[in-house]
Amino acid sequence: MKLTYHWWLLAPVLIPAVGCVLLLVLDALLPRLGRSHWAIAAVLLLAGAAAAVPGVLPSADDPRDTLCLPHGGACLYSVDHVGAGLQLAALVSGAVIALLALPIRVPAERAAVQATLLLAATAGATGVVASRDLGSWLVMLELATLPAIALVALRARRAAVDGALALLTTALVSFAITAMGAALWFAATGSALLSGDAVLHAAQDPDSRRILVLAVVFILAGLGFKLSLVPFHAWTPEAFSGASVPIGGFLAVTSKIAALAALLVIFRGVTVLGTSALAAVGVLAAVSMTLGNVMALRERNALRFLAWSTVSQAGWVVLPLAAVSSRAVRSAAAYLMVYALATLVVFAVVTALAHADGRADATDLSSYGGLLRRRPLLAVTLALGLLTLMGLPPAVIGLVAKVAAIGPVAGGRMWILAVIAALNAMLGVAVYLRWLRILFGARKDPEHADALHPLHRILVIVGAAALAVTSIAPQWLLQFVGR
């Protein structure tokens, strides 16, 4: 049996995957490169992003397939416009994280390992988007997860070890549940392919249909851990607060892109089962956005605040999937793109502040008092990011994202879920306004304050510009996922 290969189509996955191996070899040959490994990782990830760009162009074939079995057989790698957009988002966010980490002083040998782990995890995030068989889907999903555990632990602090252990325990349980779901999927369909045809054939038999629904529940629960959906969220605050600030951004953005991409692969296959099989998604979305908002209201640590924000935003990300419609996948991906941009910008601000004023000041919400007068660039950019997450003008892109998320639910006449989402949108305003109010409060000067690192300053400016431009023309961002 011979597969067909299209190397350029595989490039977004191959470049970071091969790059992490080459980076280890380079470190063995030139161990004095030190933090330059982060710069090399960023270049590799941006090269992968460039390879993904053709897939988001309107002229690109939809979908684009490779690794196809002979004689018109199934293709094991398939990426459509939504998938290409998610690959691009994962690679760009990984590159930004690498650049944020570049100025931070760590032992030279640790920088090489961290950069390699980041490349490996990002390769998994891009690969799971296009995987169309159970084997590669599971491998890529875990490749996106396991290196993140080591990235948290390598901060080498007590809080980091605790966070890494919480994440490791969760990852092991998540994998066991997901693998059980995959086994049930194979038992129901008799196929290792994640295709609608296999599901449709299984759905015609009542017994196979029951097993298939159970498989979907197990897989949804396993992915719920990775998406930080309630009640699978317990690891999130510990991991965020224990990790270095840039790695917290990786957990909040790139890891979530991988988890949603994995869920969308399953979602495309099970839509033929109807809304009953996906009813749990609506429940998880409603509970997650509510609990995340309530817990963020009482949080005083900036990183734990962002962790609870991630829990709440995860509910918004999966909200459209409660309605089985052609718009649901694109709406979920569109919301994720906006969330990823805004959250990455917020983490860029926190990272820049932590590097200049110290981690203790950057992670204490009260230390942001008077930031608008002390560091206006950081304050304005942070305000734009928070306004985007709450969905208020002038950050119009955030409002567009929330309308896109609620649209499929309202279109499916799921009015109770739509009302819960609307109430949480108002509660979210109170959550993020709490941080915004502190920016305009009494000035609190840090014990020591250095100038912003030039690279951090550039990234913050680019982030602010991206939020401003996409608010003026939201279609420039949403077109990457076919919206």
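Values in this text are rule-based calculations from the coordinates and carry no lab data. What you are looking at is a predicted structure, and each value in this text was computed from that prediction instead of being measured. So basically every Cβ, Gly included, is an ideal-geometry build from the backbone, and we count neighbours across all protein chains shown.
At a 10 angstrom cut-off on C-beta neighbours, averaged per residue, how do the peptides 80-88, 414-422, 135-143 rank from highest to lowest? The partial results should precede the final answer.
Numbers: 80-88: 26.4, 414-422: 16.8, 135-143: 19.8.
Top to bottom by mean Cβ count within 10 Å: 80-88, 135-143, 414-422.
With semi-axes √(5λ) of the Cα gyration tensor in Å as the read-out, I listed [x] 34, 29, 24; [y] 34, 27, 20; [z] 37, 30, 21; which label goes with the value calculated from this structure?
After the calculation, the listed value that fits is [y].
With charges only on Cβ, +1 for K and R and -1 for D and E, what is the dipole size of segment 274-483 about its Cα centre, in debye, rounded to 20? Could the numbers behind the result be given before it?
On the way: 17 positive and 7 negative charges, 72 e Å.
That gives a dipole near 340 debye.
Quickly work out the Met426-to-Asn301 label distance, labels modelled 7 Å from Cα along the C-beta direction, and quote it in nm with one decimal.
With each label point 7 Å from Cα toward Cβ, the separation is 3.2 nm.
How many angstrom lie between the C-alpha centres of segment 304-367 and segment 2-32?
For segment 304-367 versus segment 2-32, the Cα centre distance is 29 Å.
Working out 0.36 nm times the residue gap between Ala183 and Gln204, then minus their Cα-Cα distance, what length gain in nm do you get to one decimal?
Values: separation 21, 0.36 × 21 = 7.56 nm, distance 1.93 nm.
Between Ala183 and Gln204, full extension yields an extra 5.6 nm.
Can you compute the FRET efficiency between Val403 and Ala279 using 1/(1 + (r/R0)^6), with r the Cβ-Cβ distance and R0 = 22 Å? Round to the nearest 0.05.
It comes to 0.40.
What does the highest-first list of 243-254, 452-463, 144-155, 92-103 look like by mean Cβ count within 10 Å?
Details: 243-254: 27.7, 452-463: 17.4, 144-155: 23.4, 92-103: 25.0.
Ranked from most to least packed, the peptides come out as 243-254, 92-103, 144-155, 452-463.
Sort segment 80-192 into rounded, prolate or oblate with this rule: let a ≥ b ≥ c be the square roots of the eigenvalues of the Cα gyration tensor; rounded if a/c is under 1.5, and if a/c is not under 1.5, prolate when a/b is larger than b/c, oblate otherwise.
Details: a/c = 3.25, a/b = 1.52, b/c = 2.13.
Oblate, since a/c reaches 1.5 and b/c is not below a/b.
Could you work out the helix-only [θ] at 222 nm for the chain, with each DSSP H run of four or more residues adding -39,500 (n - 2.57) and the total divided by the number of residues, to the nearest 500 deg cm²/dmol? Before the final figure, lay out the partial values.
Details: 22 runs with 357 residues, N = 483.
That comes out to -24500 deg cm²/dmol.
What is the Å³ per residue value for the convex hull set by the Cα atoms of segment 274-483?
On the way: hull volume 21.4 nm³, N = 210.
Per-residue hull volume (Cα only) is 102 Å³.
Expected output is a single nm value to one decimal: the length gained when fully extending between Ala47 and Tyr5, i.e. 0.36 nm times separation in residues minus the C-alpha distance. What is it? Each step should come with its number before you reach the end.
Working: separation 42, 0.36 × 42 = 15.12 nm, distance 1.99 nm.
Here the segment from Ala47 to Tyr5 would lengthen by 13.1 nm.
Non-local amide H neighbours of Asp133 (under 5 Å, H modeled in plane, Pro and chain starts lacking H): which ones?
Those lying under 5 Å, H to H, from Asp133 are Leu194.
Would you mind calculating the gained length between Arg437 and Leu455 on full extension (0.36 nm times residue separation, minus the Cα-Cα distance), in nm to one decimal?
Working: separation 18, 0.36 × 18 = 6.48 nm, distance 2.78 nm.
Gain on stretching Arg437 to Leu455: 3.7 nm.
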